[in-house]
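Down below is the structure, laid out as C-alpha coordinates.
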Amino acid sequence: MIEYHNSRPARIVGPNNQVLTRDNLPPAETTRWVAHRKAQVVAAVESGLISLDEVIERYGLSVEEFAGWQRAMDRAGVAGLRIAWLQKDRASHRRSKSKVKGTKLQLVTH
(Lines give C-alpha, C1' and ligand atoms only; values in the text may rest on other atoms or scores of the structure.)
Protein backbone atom coordinates (compact mmCIF):
# COMPACT_ATOMS: atom_id res chain seq x y z
CA MET A 1 0.00 0.00 0.00
CA ILE A 2 1.33 3.43 -0.96
CA GLU A 3 0.98 6.24 1.55
CA TYR A 4 1.00 9.84 0.42
CA HIS A 5 2.05 12.57 2.78
CA ASN A 6 1.41 16.26 2.46
CA SER A 7 4.82 17.69 1.66
CA ARG A 8 3.81 21.24 2.58
CA PRO A 9 5.32 22.62 5.72
CA ALA A 10 2.91 23.55 8.52
CA ARG A 11 4.95 26.64 9.38
CA ILE A 12 7.98 28.51 8.13
CA VAL A 13 10.25 31.24 9.38
CA GLY A 14 9.33 34.39 7.51
CA PRO A 15 11.54 37.19 6.19
CA ASN A 16 11.62 39.02 9.52
CA ASN A 17 12.25 35.83 11.53
CA GLN A 18 8.60 35.53 12.49
CA VAL A 19 6.86 32.14 12.35
CA LEU A 20 4.34 32.03 9.51
CA THR A 21 1.48 29.57 9.14
CA ARG A 22 -1.38 29.56 6.67
CA ASP A 23 -3.53 31.07 9.43
CA ASN A 24 -1.35 34.11 10.07
CA LEU A 25 -0.66 35.09 6.47
CA PRO A 26 -2.18 38.43 5.45
CA PRO A 27 -6.00 38.28 5.31
CA ALA A 28 -7.68 37.56 1.97
CA GLU A 29 -9.29 41.02 1.96
CA THR A 30 -5.93 42.82 2.18
CA THR A 31 -5.91 45.90 -0.04
CA ARG A 32 -2.96 47.82 1.40
CA TRP A 33 0.15 45.87 0.48
CA VAL A 34 3.03 47.11 2.60
CA ALA A 35 6.49 45.61 2.12
CA HIS A 36 6.38 43.15 5.02
CA ARG A 37 3.05 41.67 3.88
CA LYS A 38 4.36 41.20 0.35
CA ALA A 39 7.49 39.57 1.78
CA GLN A 40 5.39 37.18 3.86
CA VAL A 41 3.42 36.06 0.81
CA VAL A 42 6.56 35.64 -1.33
CA ALA A 43 8.26 33.60 1.41
CA ALA A 44 5.14 31.45 1.86
CA VAL A 45 5.01 30.59 -1.85
CA GLU A 46 8.75 29.98 -2.17
CA SER A 47 8.75 27.64 0.85
CA GLY A 48 5.67 25.73 -0.28
CA LEU A 49 3.45 26.89 2.57
CA ILE A 50 0.89 28.07 -0.02
CA SER A 51 0.79 27.63 -3.79
CA LEU A 52 0.98 30.41 -6.35
CA ASP A 53 -2.50 29.46 -7.57
CA GLU A 54 -3.86 29.85 -4.05
CA VAL A 55 -2.19 33.26 -3.68
CA ILE A 56 -3.63 34.47 -6.98
CA GLU A 57 -7.11 33.33 -6.00
CA ARG A 58 -6.95 34.41 -2.35
CA TYR A 59 -5.51 37.89 -2.92
CA GLY A 60 -6.67 38.65 -6.45
CA LEU A 61 -3.13 39.17 -7.71
CA SER A 62 -1.88 38.60 -11.23
CA VAL A 63 1.05 36.31 -11.96
CA GLU A 64 2.97 39.34 -13.23
CA GLU A 65 2.39 41.29 -10.03
CA PHE A 66 3.56 38.40 -7.86
CA ALA A 67 6.58 37.82 -10.12
CA GLY A 68 7.46 41.50 -9.68
CA TRP A 69 7.40 41.03 -5.91
CA GLN A 70 9.72 38.03 -6.25
CA ARG A 71 12.17 39.96 -8.45
CA ALA A 72 12.19 42.87 -6.01
CA MET A 73 12.85 40.50 -3.09
CA ASP A 74 15.66 38.83 -5.01
CA ARG A 75 17.27 42.18 -5.83
CA ALA A 76 16.99 43.98 -2.52
CA GLY A 77 15.13 41.91 0.08
CA VAL A 78 12.16 43.37 1.94
CA ALA A 79 13.39 46.91 1.22
CA GLY A 80 12.98 46.17 -2.48
CA LEU A 81 9.25 45.77 -1.96
CA ARG A 82 8.77 49.33 -0.76
CA ILE A 83 7.04 51.57 -3.28
CA ALA A 84 9.69 54.29 -2.98
CA TRP A 85 12.47 51.79 -3.72
CA LEU A 86 10.58 50.40 -6.72
CA GLN A 87 10.07 53.89 -8.15
CA LYS A 88 13.74 54.72 -7.66
CA ASP A 89 14.81 51.41 -9.23
CA ARG A 90 12.55 51.95 -12.25
CA ALA A 91 13.89 55.48 -12.73
CA SER A 92 17.50 54.30 -12.64
CA HIS A 93 16.63 51.48 -15.06
CA ARG A 94 15.10 54.01 -17.49
CA ARG A 95 18.17 56.23 -17.20
CA SER A 96 20.51 53.34 -17.96
CA LYS A 97 18.38 52.35 -20.98
CA SER A 98 18.47 55.89 -22.35
CA LYS A 99 22.27 55.97 -21.97
CA VAL A 100 22.54 52.77 -24.00
CA LYS A 101 20.22 54.14 -26.70
CA GLY A 102 22.23 57.34 -26.89
CA THR A 103 25.55 55.62 -27.51
CA LYS A 104 26.65 55.16 -31.08
CA LEU A 105 28.24 51.92 -32.11
CA GLN A 106 31.21 52.10 -34.40
CA LEU A 107 32.24 49.30 -36.67
CA VAL A 108 35.88 48.40 -36.18
CA THR A 109 37.61 46.67 -39.08
CA HIS A 110 41.09 45.23 -39.11
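The values are calculated or read from the model by the stated rules, or taken from the named source; none is laboratory data. Everything numeric here is computed off the predicted structure, so don't read it as measured data. Ideal geometry is used to build each Cβ from the backbone, glycine not excepted, and the neighbour counts take in all protein chains shown.
Checking the structure you have, find out if any residue of segment 81-93 is of a type in the set (A, V, I, L, M, F, W, C), in a loop (DSSP other than H, G, I, E, B) and either at pLDDT 95 or above or surrounded by 10 or more Cβ atoms within 10 Å (Cβ to Cβ) (or both). For segment 81-93, residues of a type in the set (A, V, I, L, M, F, W, C), in a loop (DSSP other than H, G, I, E, B) and either at pLDDT 95 or above or surrounded by 10 or more Cβ atoms within 10 Å (Cβ to Cβ) (or both): absent. Residue count for segment 11-45, restricted to those that are within 18 Å of Ala72 (Cα to Cα) and exposed (fewer than 15 other Cβ atoms within 10 Å of the Cβ): 3. Which of the residues belonging to segment 43-75 are in a helix (DSSP H, G or I) and among the aliphatic types (A, V, I, L, M)? If the condition is that a residue be in a helix (DSSP H, G or I) and among the aliphatic types (A, V, I, L, M), then Ala43, Ala44, Val45, Leu52, Val55, Ile56, Val63, Ala67, Ala72, Met73 are the ones that fit.
Scanning segment 46-77 for residues that are closer than 14 Å to Gln18 by Cβ and surrounded by fewer than 16 Cβ atoms within 10 Å (Cβ to Cβ) yields a count of 1.
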